[in-house]
Every structure is written in C-alpha cells, then in structure tokens.
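Contents: one structure, followed by commentary.
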Amino acid sequence: MSKENLSRRQFISGAAMGTAGVAVMGMMSACAPKVTGNGAAAGDAQSALVNGFDETTAKITATYDTDVVIIGAGAAGLMAGMNLARTGRKVIIIEKGPTNAVANFANCAGPAAAETKLQADENATVTVDQMFQHMYAYSRTSVNAALLHNCIANSGKAINDMLDLGIPMVLNPDTYGVGFRARHMLMARGQDRVQPIIDDITKNGGQMMTATAGAKIIMKDGQAAGVYATTNDGAIQINAKAVLVSTGGFQGSPEKIEKFMGVKNLVSLGNNLCTGDGIEMVQAAGGVLDRNFCTLGNEGCGSNHKCEGGPYSAQFGMTNANLAFAIYGNLMVDTTGDRFMNEKKIADFPLALGGEALLRAGHAYVVMDAAYYEACSQVGIYEYLGKPSDWISGPALWFPVVSDAPAQLDKAISEGWAFKADTLAECAEHFNLTNLEATVTAYNQLCDAGEDTQFGKSPNFLKKIGDGPYYVIEYEPATWSTNGGIKINQHCQVIDNEGSPVPGLYLAGVDNGSVYTAPYYDNEGASVGMALGSGVLVSQSIDSYLG
C-alpha cells in the first residue's frame, strides 16, 4: 500500500483491522448510552448530583491517594499520563471503557503535528508557526490563540515520543491542498497502538483502571481534590492533588448532541461511550462552557440513520453504495427543496465544511438525473466531471466509482432514505420538498449559463438536471468525534465564570471548547493532533502546579 495514497478508509480496512477494530465498529451503532442524572450549573459543586452520583449515599468500596488522577484514557489522557509518570509523579488513569482500546484515539486514522522526525526524514517539515498561522486564520480568532499555539508546539513531541516507543506511522499527503503535510497516519490500531504508551506509564509507576467511570470531581476549599468514580463493584474515591479531565466528547449522548449541536439525528461514527460526563463534572466543579462546538464530518460518504447497519461495514466498505453521492458536489437541497450552498465546498472539504453544512441543514437531499446517476455508477464522478484540476481532494475519494449503487437502490428506497421516479414532481411529493421543481429550473439556467451566480460553484460541477428517471437521496449529518465543551486557558486550566482558573482542575483533548473551531479545521488530523499536543502541554502545567 503506497503511503502517498493512504486514506482513513484504506488504513482502517487494511491489515491493521484487528479484533479491537471490529469491537469498536459495534460501538458505532445508533444505540448510544444514555446520560443519567440532572447535570449541574457552575458553582453547584458541593450539592448537585453529577451523572446521577451522590457521594452521601454511595457505598465507597475503595479509596486511593495519588498526585494526579486522569479521567479518560484517550489521546490527551494517555499522553499526559506518560509525561507525568516520567517526571516521577504518581498517576492514576481511569477509563470508562472495558479496555484501553475503545477510545477514538485507539482507532482513528492519525494526528496532525508540527516539526516531527517523520517530516524531517521526508524533507517536509511543517513549522509550528506555519501550522499555527494557517489554523488561527481559519478560526477567525474564535479560539484561544495562545492555547492553539501551545498545543501545536507540543504536538511534535507527542509524535516523536510515539515513534520512539515503536508505534508505526507514515506521513500523509496534503489531501485537501492546505499547503503542508501534517497528518501522521498511525499504522497500528486498537490495543496494539496504545499498549506501548500504557507500558511506559506503568513502567514509571502509573496505574491504569478500566471499566471505571468518573462520576464527580471532589472539591475541597475551592480546589479540585480528586474524583469519585463508579466500577462494576461499586464506587471508589481517588484523592489527588490535581485532576485532569479528558473524556473524549459527547457523541454518545443524544441529549447533549441536541443541546450543543441543535440536531437530533447526528449519526455517530465513533465511540458512543463518550457521553459528555467530563463536561458535566467540570461544570459542576465551577467550570463554564466555551462557545465552539463542531463535528468531524463523514468524509467517505453520506450517512442516514435509516440505513441498516450504519454507513460502513466492519471492513470499511459502504453498506449501501447510494450513500456516496452526498460528497460529490451535485445539486443538493434542504427540507424545503431550496438549494442552500455551494455544493463543491462539501466535495472539497467533506470532513470540515461538509460536516458543518450537513449539521446546519439537518437533512439534505441530493438530486440527480439518469445520466448523472449512471455515470457515477459506471465511470465515477471524478472521471465524469473531467478530472477537474480545482478539485484537489477528488483523486482521494474513498469510493470513486459506485458500481453497486443500482443494485442496492431498492434497499435504500425500502429503508426510506432514497426515491426514484419518472418526474421531479413525484420526488418532491415523496420527500415534501415543496420548492424542488422551481429550484431545478433555476439551477438548470445556471448550468446553461456556465456560471453559478447564486453561490459561486465552479463551472466544472454545474451538471444540468436533464431527463429522468430522477433520483433523490436523503442524507443526515455524521461525526467521527465531537469537538467543544469547557473553557480553558493556555495552560489547560479550567476557567470559572469570572475568568479565573479553578485550582487543581485541568482539561485536555476534545472536551475543551477553546482550541477547536467551528467549522472543524480544514487540515485533517487536527482533532487528535491538538488532543495529543494538549496532553503534553497539560502535563507540563500540572507538573508546575504541583511544584
């Protein structure tokens, strides 16, 4: 397999797809765990129930004392634990999952990082400043600049440490044309990926606890002093001088998805054990929410809850080839039947801009005529459009030819997310797309003129809706992970509602709302890359705090 052409799909479906990968695919179903408890507002730490836990009635089966307790063994938690243990700090890491191989970090494709050994080896070094300038400009000042810079500045150390531990990776090409090669594709996955880090932690005295869920942060005299956690055998108390929360987001919580994302139908592609527990715990301990919440869209194809089995098989093929049309850049309309954006933006950046566009639309419908549908099924969209030079990511499509789409169409129709008819009027009536016919008429006029005066889509993508039969396919937003949550400063300290740090309380990874922008960054691997960098950064901050 050529590293120049390595995609997320090729990585996950290749030789690295072991039993842990199959297990995590089962967690990608729509059966997300529910959050229990009533939550809590900032400042209610001493009295409110958090995650349904009440320490006054809980039976504490064991008590532990440590320097640092880390809640969540994903990218940030493991990296922080490794670095703190190396400095001689006593560390306990608790993980909600039954193993250390279920976190998104254990199974994602790979992180973006700056100034790594791998980049130097290939004469492709991305400087910290180059990466920072790109990402901060993209954020339009919506993130904490100092925090972003610090995370990027520590991302290279995280990658280099992993390389030193023997974790294999290759440097990805610049898939989306951002101007640099920052993504490092991790070739091991599941337990094979995280075990070298865990071994290093335990070698240096750290302790790992799986099947142990953080329930409530212990606050004493206004500062974090440990955590209550639940296990299969009951509750435990871990007393600590500093607490780090890194619980991996909230994609498994329908309630938080609706609250923070504004939709009920977000299809989860990742770890549904991430239910926002950490965000809730930190709020109860005095932390506040930041404003940025985003998803990492499905860059391989489209998604729909009605599609049996989800978008992907265990080998990362599509369960139904008719899912692919979502990111091809053809005419797309909203629930009223109106066009709502330049569809090429989804084709260009399906992970970032596509994820945001579908999240905002809630439901979106691709409209095709017979010629378009048949061409995509027979020669592929990139060939059909004439290999447009302005479609940088076109050659990297996961599914360039959807030859199985016609044979699988009836199943999509029976499941309720696709429709085929001889007239557009029938399609409009089926999905209640009131303005569809008028939209197609106006769109065809733009195609005839060769200029999209409505949204500015490239002429290469302006394909007129001609003769039927017609195909309309419904898509919904999806996410590999959520980004966003708690407000933190440049040292990963949790900030209260007066802008002051909560002593002893830290947060890193995707639970933080201060380094991730909406839409998601256009340089792939930014989510896990910033999580790793924040893990290194927060270890330094905690070490300094402990003195």
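The values are calculated or read from the model by the stated rules, or taken from the named source; none is laboratory data. Since the model is a prediction, treat every value here as computed from it, not as a measurement. As a convention, Cβ positions derive from the backbone with ideal geometry for all residues, glycine included, and neighbour counts pool all protein chains shown. Surface areas here come from the heavy atoms of the whole protein model, side chains and all, with no ligands, DNA or RNA. Shrake-Rupley method; radii C 1.70, N 1.55, O 1.52, S 1.80 Å.
What is the angle, in °, between the Cα long axis of helix 191-203 and the longest principal axis of the Cα atoms in the chain? Nearest 10 is fine, range 0 to 90.
20 degrees
With +1 on each Lys and Arg Cβ and -1 on each Asp and Glu Cβ, how big is the dipole of the chain about its Cα centre, in debye rounded to the nearest 20?
Once rounded to the nearest 20, the dipole reads 1120 debye.
Just grab the label-to-label distance for LYS203 and ASP221, each label 7 Å out from Cα along the Cβ direction, in nm (one decimal).
It works out to 3.9 nm between the two label points.
Using the Karplus curve 6.51 cos²θ - 1.76 cosθ + 1.60 with θ = phi - 60°, work out ³J(HN,Hα) for each residue of region 353-358 in order, rounded to whole Hz, and write x for Gly and Pro.
So the J values, rounded to whole Hz, are 5, x, x, 5, 5, 6.
Students sometimes get this wrong: rank MET261, MET187, MET368 by accessible area, probe 1.4 Å, all chains present, largest first.
Ranked from most to least accessible, the order is MET187, MET261, MET368.
Excluding residues fewer than 8 places away in the same chain, name every one of the lysines whose C-alpha is closer than 20 Å to that of LYS463.
LYS344, LYS345, LYS387, LYS420
Leaving ligands, DNA and RNA out of it, rank ARG291, ARG89 by accessible area with a 1.4 Å probe, largest first.
So the residues, ranked largest to smallest area, are ARG291, ARG89.
Could you state the angle between the C-alpha long axis of helix 75-86 and the longest principal axis of the C-alpha atoms of the chain, as a value from 0 to 90 degrees rounded to the nearest 10?
For 75-86 against the chain, the angle is about 30 degrees.
Hey, how many Å between the Cα centroid of region 344-362 and the Cα centroid of region 308-337?
Taking the Cα centre of region 308-337 as reference, the centre of region 344-362 is 13 Å away.
What FRET efficiency comes out for the pair LEU546/ALA314, r = Cβ-Cβ distance, R0 = 60 Å, nearest 0.05?
0.85
In whole percent, how big is the carbon plus sulfur part of the accessible area of the chain, probe 1.4 Å, protein atoms only?
48 percent
Taking H placed 1.01 Å from N in the peptide plane, check which residues at least 5 places from ALA285 or on another chain put their amide H under 5 Å from its amide H.
none
By a straight-distance test (C-alpha under 13 Å), which aspartates and glutamates pair with LYS241 as possible cross-link partners, with residues fewer than eight away in the same chain excluded?
Partners within reach: ASP65, ASP67, ASP221, ASP543.
Would you please give the residues with an amide H less than 5 Å from that of ALA235, counting only those at least 5 places away or on a separate chain, with H modeled from the backbone geometry?
LYS59, THR61
Which is the longest stretch in the chain that no exposed loop site breaks, taking sites as GluC sites (Glu not before Pro) with a DSSP loop state and at most 14 other Cβ atoms within 10 Å?
Answer - 123-307.
Using 1/(1 + (r/R0)^6) with R0 = 45 angstrom and r between the beta carbons of GLU415 and ASP129, what's the FRET efficiency to the nearest 0.05?
That gives a FRET efficiency of 0.35.
Applying the Karplus parametrisation 6.51 cos²θ - 1.76 cosθ + 1.60 with θ = phi - 60° to the phi angles of region 489-506, what ³J(HN,Hα) value in whole Hz is obtained for each residue in order, glycine and proline being reported as x?
After applying 6.51 cos²θ - 1.76 cosθ + 1.60, I find 9, 6, 9, 6, 7, 5, 9, 8, 6, 9, x, 9, x, 7, x, x, 10, 10 Hz.
Find how many whole Å separate the alpha carbon centroid of region 209-250 from the alpha carbon centroid of region 141-204.
Using only Cα atoms, the two centres lie 26 Å from each other.
Apply the Karplus parameterisation 6.51 cos²θ - 1.76 cosθ + 1.60, with θ equal to phi minus 60°, to every residue of region 517-524 and state each ³J(HN,Hα) to the nearest whole Hz, in sequence, with x for glycine and proline.
9, 10, x, 3, 4, 7, 8, 4
What ranking of SER414, SER313 comes out by heavy-atom accessible area, probe 1.4 Å, highest first?
SER414, SER313
Assuming R0 = 51 Å, can you tell me the calculated FRET efficiency for the pair GLN195 and PHE340, based on Cβ-Cβ distance, to the nearest 0.05?
For R0 = 51 Å, the calculated efficiency reads 0.65.
Measuring with a 1.4 Å probe in the full set of protein chains, what accessible area per residue, in whole Å², belongs to the chain?
On a per-residue basis, the chain sits at 36 Å².
Where the centre of each part is set by its Cα atoms, how far does region 449-478 sit from region 65-82, in angstrom?
The distance from the Cα centre of region 449-478 to that of region 65-82 comes to 48 Å.
Take the alpha carbon gyration tensor of the chain, find the square roots of its eigenvalues, order them as a ≥ b ≥ c, and report rounded if a/c is under 1.5; if not, report prolate when a/b exceeds b/c, else oblate.
prolate
Using 0.36 nm per residue, how much length does the chain from GLU255 to LYS387 gain when fully extended, once their Cα-Cα distance is taken away?
43.3 nm
I need the shape label for region 138-239. Rule: rounded when a/c is under 1.5, else prolate if a/b > b/c, else oblate, with a, b, c from the alpha carbon gyration tensor.
Oblate, because a/c is 1.5 or more while a/b does not exceed b/c.
By how many degrees, 0 to 90 and rounded to 10, does the Cα axis of helix 128-139 deviate from the longest principal axis of the chain?
Once rounded, the angle reads 60 degrees.
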